[in-house]
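Student: What follows is a structure written as structure tokens; I'll ask about it next.
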Amino acid sequence: QSYPNPISLPAKLRVTDEHGLTSVTTDALNVVSVALVYGQQYETCYRVTLNRFEEKLGLRVKFKNLGNAEAENVVMSLSSTPSNMTILKGTANLGDIPAGTEVLTACDATAKTADIELKTNRRITPTGGWSWTADFELLGNHYHVTNLPPLN
């Protein structure tokens with residue numbers, strides 16, 4: 001079972017052997033959700049026309065730690081986009097994100113540089129969606145989480 005929001009509750013462990021005998025316990029386990037970093041808002045910071053069909057976009061993305069503990073050394077990498085986009089640059093080093101805190105990826109409209117840069121092609125009908133890979137430390141352990149969708 002998965003939980004979309006941080007939760008701490010007793011977990012039930014059921015073990016069944018090859019003869020069908022079952023044992024259930026709830027007293028030794030606890031499920032705790034502690035760091036959940038999601039992209040929540042996408043904003044075009046700059047746009048450069050490459051030709052009549054293609055543009056280069058710099059994106060500023062807002063990430064929020066929805067968990068109940070600090071995620072340390074957070075690196076978010078864009079792993080998929082709609083089919084009409086190509087990832088030119090897709091990694092943002094966000095540092096430490098305390099619980100409940102929002103951070104933005106870097107984007108400078110004047111210099112036309114960004115952590116997240118895409119090429120769009122108007123000749124391609126968009127299909128598919130966005131997903132991210134998160135790398136971070138939590139309580140001395142390293143985590144690598146793939147296929148994180150954005151939250152609305």
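Student: Within segment 123-141, is there a residue that is free of Cβ contacts under 8 Å to residues at least 12 places away in the same chain, assigned to a strand (DSSP E or B) and open to solvent by 50 Å² or more (accessible area, probe 1.4 Å)? Let's see the steps before the verdict.
Tutor: Looking only at segment 123-141, we keep the residues that are free of Cβ contacts under 8 Å to residues at least 12 places away in the same chain, and these are 140-141.
So of that shortlist, the ones also assigned to a strand (DSSP E or B) come out as 141.
With open to solvent by 50 Å² or more (accessible area, probe 1.4 Å) added as a condition, the list becomes 141.
Yes, because at least one residue in segment 123-141 is free of Cβ contacts under 8 Å to residues at least 12 places away in the same chain, assigned to a strand (DSSP E or B) and open to solvent by 50 Å² or more (accessible area, probe 1.4 Å).
Student: Just for strands (runs of 3 or more DSSP E) wholly inside segment 48-117: which have at least 3 residues that are open to solvent by less than 60 Å² (accessible area, probe 1.4 Å) and more than 20 Å from T146 (Cα to Cα)? It would help to see each step written out before you state the result.
Tutor: On the way: elements: 54-65, 71-80, 85-97, 102-104.
Passing ranges, in order: 54-65.
Student: If you scan segment 142-152, which residues turn out to be of a type in the set (S, T, Y) and open to solvent by less than 80 Å² (accessible area, probe 1.4 Å)? Quick ask: steps written out before the conclusion?
Tutor: Within segment 142-152, the subset of a type in the set (S, T, Y) is 143, 146.
Listed by number, the list holds a single entry, T146.
Student: List pairs: first residue in segment 62-79 and farther than 25 Å from L118 by Cβ, second residue hydroxyl-bearing (S, T, Y) and outside any strand (DSSP E or B) anywhere in the structure, Cβ distance under 8 angstrom, at least six positions apart or on different chains.
Tutor: Close Cβ pairs satisfying both conditions: G67/S33; N68/S33.
The values are calculated or read from the model by the stated rules, or taken from the named source; none is laboratory data. Owing to the predicted nature of the structure, the values given are computational and were not obtained by experimental measurement. Note that we place each Cβ from the backbone using ideal geometry, even for glycine, and neighbour counts take in every protein chain shown. Remember, those area values only see protein heavy atoms, side chains included, never the ligands or the DNA or RNA. Shrake-Rupley method; radii C 1.70, N 1.55, O 1.52, S 1.80 Å.
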